[in-house]
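Input: a single structure, listed below in structure tokens.
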Amino acid sequence: MICSIRTFQITIPLAIFLLVCEPSVRAQTDPPPTIEEALHHMSDLAGVIFIGEVTSIRHQPGQQDASGIVEIDFRIDQAVRGCPAAGTYTLREWAGLWEGGDQRYRIGQRLLMMLHSPGPAGISSPVDGMNGAIPIHADHSNSQILSAANASASQPLVADLRWVATRILRTVPYDLPSSSATPSLMSATTALTQQDITDSVQQTPISVVVGMLSSWQQAMP
């Protein structure tokens, strides 16, 4: 009888915990249904957002066998949140992230950076791993039809969102309300299938992505 009472006392609180807490845990861990929502979630977690080019990388050894840090300087091309409008931004990362010869950034690389707010020691990192360091490059999709006269003209910049696309639910169609006034990825693509989404969003104009990030920034309390 004593054993049964103890079992009852343990089981009921556990059952209540599962009924009350498990749905909320699932809701927090479920992947977002669209690429736009994945970006929105990442931007909510970011304390610093900007577009910039890597200009230098410095490895700073730690003291007393500590891992040290790596400093990455960016020339700011366009600021969105938490950084100067122009000049240089220095990202300080824990050197352990660079172990095994992992070259996380390259000098001359252009990126849309979505960073966690720096901690007390000034150390930070991209949101959602390296998904928060989104490559930016020129749109070469129509380069084969450019004439010799305009081949040297500057091409629009696009954001490579392929890694962000891997975070979304695969069973939910990519769609957005047509009445939305907020800039959206749907206005830049006509993807209907998941494979189409992955292929098309890697050529999403950076102006569309920045437009969304800016609108979310303005809507923040």
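The values are calculated or read from the model by the stated rules, or taken from the named source; none is laboratory data. Fair warning: this is a prediction, and the values are worked out from it, not measured in the lab. With ideal geometry, Cβ positions are generated from the backbone for all residues, glycine too; neighbour counts draw on all protein chains shown.
For this structure, a couple of remarks:
- Of the criteria (1) at pLDDT below 95; (2) not in a helix (DSSP H, G or I), which one Ser24 fails: (2)
- Of all residues assigned to the stretch 82-98, at least one qualifies as being farther than 28 Å from Arg167 by Cα, under 21 Å from the mean Cα position of the chain (by Cα) and either of a type in the set (A, V, I, L, M, F, W, C) or part of a loop (DSSP other than H, G, I, E, B) (or both).
- Here Val70 meets each of (1) under 24 Å from Ala138 (Cβ atoms); (2) β-branched (Val, Ile, Thr); (3) touching a Lys or Arg at 6+ places or on another chain (Cβ under 9 Å) with one exception, condition (1).
- Qualifying residue in the stretch 48-55 (condition: of a type in the set (Gly, Ala, Ser) and either assigned to a helix (DSSP H, G or I) or crowded, with 17+ Cβ neighbours inside 10 Å (or both)): yes
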